[in-house]
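**Q** Before I ask anything, here is the structure I am working with.
The values are calculated or read from the model by the stated rules, or taken from the named source; none is laboratory data. Note that the structure is a prediction, hence the values are computed from the model and not measured. Please note: Cβ atoms are built from the backbone with ideal geometry, for glycine as well, and neighbour counts cover all protein chains shown. Just the protein is used for accessible areas: all its heavy atoms, side chains included, with ligands, DNA and RNA removed. Shrake-Rupley method; radii C 1.70, N 1.55, O 1.52, S 1.80 Å.
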Amino acid sequence: MAQLREGFQSRLGFVLAAAGAAVGLGNIWGFPTQAANHGGGAFLLVYFIVIFVLALPALYTELYLGHQAQSNPVNALRQAWKEKAPKVGAGAGYLGLLGAIIMLSFYSIVAGWMLAFSVEPLARFVGLEQASEFLKSDSTLRNFIFTPLMLLLTASIILKGVKSGIETWSRRLMPMLLVLLIALIGYIATLEGAADGFSAYLVPDFSKVTDPDLIIAAMGQAFFSLSLGVGCMMIYGSYLKPNENLPKLTLSVAALDTGVAFLAGLLIVPAVFVAQHNGVEVFQDGKLIGEGRLIFAVLPELFSSMGAIGLWVGLTFFVLMSIASVTSTISSTEIPVSFLVENHGMQRKGATWLVTTVIFVVSSTIIVNFEWLFGLVITLLTQYQLPLMGLFYFVTVGWIWKRGNQLSLECKGAHYWFAQYVRFVCPILMTAVFLNVAMK
């Protein structure tokens, strides 16, 4: 089976694809608000430390499981648990599979919003005011138009496979995302009020560095921003050649993801302060307005206040958000597709359309029952499944998996101490993250 599997053709292709999986709305949407609400530069400092002490080992662990197994998460975890309880390992793999499908279902809805907001400035530009209002509205009909569009866009990439689909499009989309991000930062920096935003984001309030809430928030954000816990990184790790330098590639992926998160903060936080300078309400009770309002109300108000140029700035921003959405949806879709191909002998085409159909059905269910189901799905995934699966991966590599686990065989040097760190320290840190987010 391993010989028949596709794989990444270059290290750069893998790094861009894996970073693309990690770079999503959490980086560009959630990270800047977390930073602004937790001491700006103090949060950044703690976040960078946490990336090294928790997120990097978690990323390496998930990539390592897939890389060693050269198979999808169900097979990889079953193989790692085969000496103790293979059904437990496979069960965790199926849980990750279910989580990926549910995550995709709500993520595709949000990605559809980004797509709609990308088209809206064009409708306004050609004078279609009713269409513009419809695209900005929070209607069920709009969701039923743009969610399938995002699903079809994702499916069109997955259909082409790892090399021609995922790798090729990651190599196109990620540089485009970076260029748009840097261009927007450059423009926002020229506007009045931006300097206050840069100061709030970059100047540390060191009195907050030891704040437990800040530390836990940074741990949670670092973990979630790397897209860990549903098997995305495991499946991408499995597509690497067996002799690749996994530690070096892990560092590259984490560095690119962290860099994008940092740049997103350089864009969003100054933009919010520019909006405030222009009379838009951006603070409530001393805190930045929540992420939802930030993206879909505060920033569009800012773009509208800029006049003609604001139309193009808004277009560029939401195209950026759409690219971030697509790079994440393709990685999550590949998890169930690879499972169907490898474990059930399906052709990629049939597997892709089956997965897309299932996701559409689940997305439709969420859209129709939006008020209570959308929040519930996000809560179950982010507060329970992701941290618990991360903990499970640490326990698997550190305690359960013996035969074939090179980390467990090391008895000296850096690999030995890293293995001990994964065994003893990472589970404690991950449990702290879980207890914090679960009790919110």
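**Q** What percentage of the solvent-accessible surface of the chain, computed with a 1.4 Å probe over protein heavy atoms, is contributed by carbon and sulfur atoms?
**A** Looking at the chain in its full context, I get 66 percent from C and S.
**Q** Could you give the angle, 0 to 90 degrees to the nearest 10, between helix 426-438's Cα long axis and the longest principal axis of the Cα atoms of the chain?
**A** The two axes meet at around 40 degrees.
**Q** Which number gives the lysine pairs in the chain that have C-alpha atoms under 14 Å apart and are eight or more places apart or on different chains?
**A** 4
**Q** I would also like to ask the following. Do you know the relative contact order of the chain, to the nearest whole percent, from alpha carbon pairs under 8 angstrom that are 6+ apart?
**A** 32
**Q** With a 1.4 Å probe and all protein chains kept in place, how do Y187, Y201 rank by accessible area, largest first?
**A** Result, largest first: Y187, Y201.
**Q** Hey, how many Å between the Cα centroid of the range 11-84 and the Cα centroid of the range 241-290?
**A** Taking the Cα centre of each part, the range 11-84 and the range 241-290 sit 15 Å apart.
**Q** Contact order normalised by length for the range 83-237, with contacts defined as Cα pairs under 8 Å and 6 or more residues apart; what percent is it?
**A** Taking the mean separation of contacting Cα pairs over the length of the range 83-237, I get 24 percent.
**Q** Could you work out [θ]222 nm for the chain from helices alone, using -39500 (n - 2.57) per DSSP H run of at least four and dividing by all its residues? Round to the nearest 500 deg cm²/dmol.
**A** -23000 deg cm²/dmol
**Q** Using a simple spin-label model with points 7 Å from Cα along the Cα→Cβ vector, what separation in nm is obtained for L202 and L409?
**A** So the two model labels end up 4.9 nm from each other.
**Q** Give the calculated FRET efficiency between A195 and F374 to the nearest 0.05, with a Förster radius of 30 Å applied to their Cβ-Cβ distance.
**A** 0.20
**Q** Please say if the range 190-251 is rounded, prolate or oblate, where rounded means a/c under 1.5 for a ≥ b ≥ c the square roots of the C-alpha gyration tensor eigenvalues, and otherwise the choice is prolate for a/b larger than b/c and oblate otherwise?
**A** Verdict is prolate for the range 190-251.
**Q** Let me have the relative contact order for the range 213-355, percent, based on Cα pairs under 8 Å that are six or more residues apart.
**A** Relative contact order comes out at 21 percent.
**Q** Going from most exposed to least, what order do H38, H67, H277 have by accessible area with a 1.4 Å probe?
**A** I get H277, H38, H67, largest accessible area first.
**Q** Would you mind putting 90-102, 208-220 in packing order, based on average other-beta-carbon counts within 10 Å, highest first?
**A** Ranked from most to least packed, the peptides come out as 90-102, 208-220.
**Q** First measure r as the distance between the Cβ atoms of F283 and W353, then evaluate 1/(1 + (r/R0)^6) with R0 = 51 Å and state the FRET efficiency to the nearest 0.05.
**A** Approximately 0.65, to the nearest 0.05.
**Q** Could you report the chain's accessible area per residue, 1.4 Å probe, as an integer in Å²?
**A** 40
**Q** Y421: accessible area at probe 1.4 Å, nearest 10 Å²?
**A** 60
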